[in-house]
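Contents: one structure, followed by commentary.
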Amino acid sequence: MIVSVFGSSATRPGDLEYQDAVRLGLLLAQSGLTVANGGYSGVMEAVSAGARQGGGHVIGITAPTVFPNRSGANPHVSEERPEPTITERIHRLVAVSDATITLPGNIGTLTEFVMAWNVNFLAPLSGAPQRLQVAVGPKWPRLVAFLAEEFGADPSLVTCVDTVEEASRLVADRLRNPGKPQSSG
């Protein structure tokens, strides 16, 4: 089973967010899950490093034509899958996953989060399964509440938690027990 992780590319080693992402990757790998991410630096590199440290497989879905100055996927990626555009990259990250976890980030992370949420919302229309969507940190519950109130988004499709440990436990448990309902947190 594959978990796509979204987060800031600006996070650096030594930052709390970087350390959290390493820990998340390690915990996911120790649970037997494959990690997918955008394949480059920041949270992507950190979660990749943690997953590889835990003996896991890491899929990096990159966009070389969008980021021509980047020299390829980070060294912890097991398998690089390039996509031609940022939109196709995000779509592929959502499509390959059984669950998504969103960590703190910037506008790119927000885009990934909202796209995953929209895919979940539309899934029943085509008979596709909804994916577990988890967001970590204090900003996400406020954003979910705002989008639900202002735009009618379904808040039950996102589970907000405080820590990467909660996120990894929730995802591992739900993927092993798919009948459990997802609840908003």
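Descriptive notes on the structure:
- So Leu157, is it surrounded by 15 or more Cβ atoms within 10 Å (Cβ to Cβ), farther than 19 Å from Gly25 by Cβ and out of contact with any helix residue (DSSP H, G or I) (no Cβ under 6 Å at 6 or more places or on another chain): no
- Flag for Ala95 being in contact with a strand residue (DSSP E or B) (Cβ under 6 Å, 6 or more places away or on another chain), among the hydrophobic types (A, V, I, L, M, F, W, C) and closer than 27 Å to Ala29 by Cα: no
- Taking region 125-176 as the range and being of a type in the set (A, V, I, L, M, F, W, C), part of a helix (DSSP H, G or I) and closer than 18 Å to Ser8 by Cβ as the test, the residues that pass are Trp140, Leu143, Val164, Ala167.
- Residues that are small (Gly, Ala, Ser) and either within 19 Å of Val96 (Cβ to Cβ) or in contact with a strand residue (DSSP E or B) (Cβ under 6 Å, 6 or more places away or on another chain) (or both), drawn from region 22-49: Gly25, Ala29, Ser31, Gly32, Ala36, Gly38, Gly39, Ser48
- Any hit, region 129-150, residues being touching a strand residue (DSSP E or B) at 6+ places or on another chain (Cβ under 6 Å), under 23 Å from His57 (Cα atoms) and not aliphatic (A, V, I, L, M): yes
- Residue in region 166-183 that is in contact with a helix residue (DSSP H, G or I) (Cβ under 6 Å, 6 or more places away or on another chain), of a type in the set (Val, Ile, Thr) and modelled with pLDDT of 95 or more present: no
The values are calculated or read from the model by the stated rules, or taken from the named source; none is laboratory data. These figures come from a predicted structure and were not determined experimentally. In this analysis, Cβ positions are derived from the backbone assuming ideal geometry, glycine residues included, and neighbour counts consider all displayed protein chains.
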